[in-house]
Each structure stands twice: as structure tokens, then as C-alpha cells.
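Taking it in order: structure first as C-alpha cells, then the write-up.
The values are calculated or read from the model by the stated rules, or taken from the named source; none is laboratory data. Everything numeric here is computed off the predicted structure, so don't read it as measured data. Here the Cβ is made from the backbone with ideal geometry for all residues, glycine too, and neighbour counts use every protein chain on show. Side chains are part of the model used for accessible areas, which takes the heavy atoms of the whole protein and leaves out ligands, DNA and RNA. Shrake-Rupley method; radii C 1.70, N 1.55, O 1.52, S 1.80 Å.
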Amino acid sequence: MPTGPTADGTRELDVRTIDGEPFGEIMASLDELDGGETLVLVNSFEPEPLYAVLARQGYAHETERAGEDEWRVSITKA
């Protein structure tokens, strides 16, 4: 479950806490974004297969490695 938007319009979804496949939760969270909001996806690995899906759905992303087992992907509507 993503956090509510912060003052700067950012929501965070830490999929490391999801038991099982997180794809459905990620897509549901993206559907909830309002214009101008960003979803920050936190994962234990770089979710490279997700990037093509995001592009097809009209999203842009920026990825940052925040630690040895923490990747942060900022996703916005393109």
C-alpha cells in the first residue's frame, strides 16, 4: 500500500514488504496517481522488466541505487 502524497506530491511504495508478486500493487498505485504526482517504488533489486511496461503505459522513470539492496524508482506520467 503506498503512502499518501507528501507536500511535494510524492507517494512511496516499498514492495520489499509485499508477500508475492508486487506487479498488481505497483500498477494499482500508478492508477491512483493524480496529475503531477510521483510514485517512488522501493525495491531490493533494479526492476528492469518493469521499465518496458511503464513506457507502454505512458510513464517515465528515473532509477537510483540507494544502497546495496535498495533501488528507488521515481515514476511519473510522461
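Here are a few things to note about the model shown:
- At R0 = 25 Å, FRET efficiency that the Cβ-Cβ distance of Val42 and Asp8 yields, to 0.05: 0.90
- Length-normalised contact order for the stretch 23-71 - Cα pairs under 8 Å, 6+ apart - percent: 38
- Excluding ligands, DNA and RNA, the accessible surface per residue across the chain is 61 Å² with a 1.4 Å probe.
- Residues of the stretch 7-45 with an amide N closer than 16 Å to a point placed 7 Å from the Cα of Glu68 along the Cα-to-Cβ direction: 44-45.
- Gyration tensor (alpha-carbon) shape descriptor, the chain, a/c threshold 1.5: rounded
- Share antiparallel - DSSP beta bridges, the chain, percent rounded to 5: 70
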